[in-house]
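Q: To start, I am sharing the structure in question, which I have written as structure tokens.
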């Protein structure tokens, strides 16, 4: 059984999340499992503002997505503690993440005969972009 680990804030679920999860699920294969880590509020706030949705809501949303087999909390922004505990065959990463961090993950994954697959990041498919767009539209509406 092939285990694939992928992680998200999942504050606003969008197509980019679904594409990543669908790809990760396909990489796991029919007999594999996609394990999704959802960052706790504290983990998110290591690099970003606190999410709008509660951690519990974000965990529930991830659990409801058909591509996901298992949802686990991720208590640091880095997936390292979870991948060291879970020891997946594949870690899914994004080009939006720090290359030095990805290299550390790659070294660890290779040490357990695993691999890191880096997927492209689409800036227009991000919760941050969606929040900014909502704010811009509200500001425009208030200005009229």
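Q: Is at least one residue of the stretch 8-19 touching a strand residue (DSSP E or B) at 6+ places or on another chain (Cβ under 7 Å), over 23 Å from residue 134 (Cα atoms) and buried (at least 17 other Cβ atoms within 10 Å of the Cβ)?
A: Looking for residues that are touching a strand residue (DSSP E or B) at 6+ places or on another chain (Cβ under 7 Å), over 23 Å from residue 134 (Cα atoms) and buried (at least 17 other Cβ atoms within 10 Å of the Cβ), one finds none in the stretch 8-19, hence no.
Q: To continue, here is another question. Sort out which residues of the stretch 51-63 are in contact with a helix residue (DSSP H, G or I) (Cβ under 7 Å, 6 or more places away or on another chain) and outside any loop (DSSP other than H, G, I, E, B), and write them in order of number.
A: Once the filter is applied, which keeps residues that are in contact with a helix residue (DSSP H, G or I) (Cβ under 7 Å, 6 or more places away or on another chain) and outside any loop (DSSP other than H, G, I, E, B), the stretch 51-63 yields only 55.
Q: Here is a further query. List the helices (runs of 4 or more DSSP H) inside the stretch 64-144, counting only whole elements, that have at least 1 residues being at pLDDT 95 or above and exposed (fewer than 11 other Cβ atoms within 10 Å of the Cβ).
A: 80-86, 99-111
The values are calculated or read from the model by the stated rules, or taken from the named source; none is laboratory data. None of the values given here were measured: they were computed from a predicted structure. Please note: Cβ atoms are built from the backbone with ideal geometry, for glycine as well, and neighbour counts cover all protein chains shown.
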